[in-house]
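Below is one structure; the comments refer to it alone.
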Amino acid sequence: MAPSAPRTRAAAALHMKQIALDSQDRTIRRLRAQLATQRRGLASTKKELKETQVALEASYKCHQKFQARIHEAEDSMQAQHLLIEALVDEKDSLLQTIHGLQEANNAPAPFDGDWEEEPEEEPEEEEIEDIPLGEGEIDDE
């Protein structure tokens, strides 16, 4: 029986190695499945990141456009303000010129904008004259 013992030990050792290889094979398959899942998750995350980046860039461009419009509106308002100031200055100058001309011509002082309103008179009802009826006219009363 001695010769069969080494074979049994060799068969047992071979069987143990096969079990270890099977275990390693299962571990490798499990790790590969985890890796594939993580790669899909990474791909999904990259896609979301790209979409977010595109949206952010579009938002930034929109923001730049709105900033440009705001800047244009501010410039326009400032230009209008300067124009109004120039018109007010011109009006004051014209009023001074008018006042100077009136003084030179001994005319009454220009209207200063303050006045008292006269009370409105209610129109009196006009009396209707009685017109005598002539012949052939109809009296509707």
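The slack between LYS50 and ARG29, meaning 0.36 nm per residue of separation minus the straight C-alpha distance, is 4.4 nm.
Each of ASP25, ASP89 has its accessible area taken with a 1.4 Å probe; listed largest first, they run ASP89, ASP25.
Multiplying the residue separation of LEU14 and SER59 by 0.36 nm and subtracting their alpha-carbon distance yields 9.6 nm. Taking label positions 7 Å along the Cα-Cβ direction at both GLN38 and GLU103, the computed distance is 9.4 nm, reported to one decimal.
Available extension along the chain between GLN67 and HIS81 is 3.0 nm, counting 0.36 nm per residue and deducting the alpha carbon span. Quick one: grab the alpha carbon gyration tensor of segment 1-112, order the square roots of its eigenvalues as a ≥ b ≥ c, and give me rounded if a/c is under 1.5, else prolate or oblate depending on whether a/b is larger than b/c. Judged from the Cα gyration tensor, segment 1-112 comes out prolate (a/c at least 1.5, a/b above b/c).
The values are calculated or read from the model by the stated rules, or taken from the named source; none is laboratory data. Since this is a predicted model, take the numbers as computed values, not measurements. Using ideal geometry, Cβ is built from the backbone for each residue, glycine included, and neighbour counts are taken over all protein chains shown. Calculation scope for accessible area: heavy atoms of the full protein, side chains included, ligands and nucleic acids excluded. Shrake-Rupley method; radii C 1.70, N 1.55, O 1.52, S 1.80 Å.
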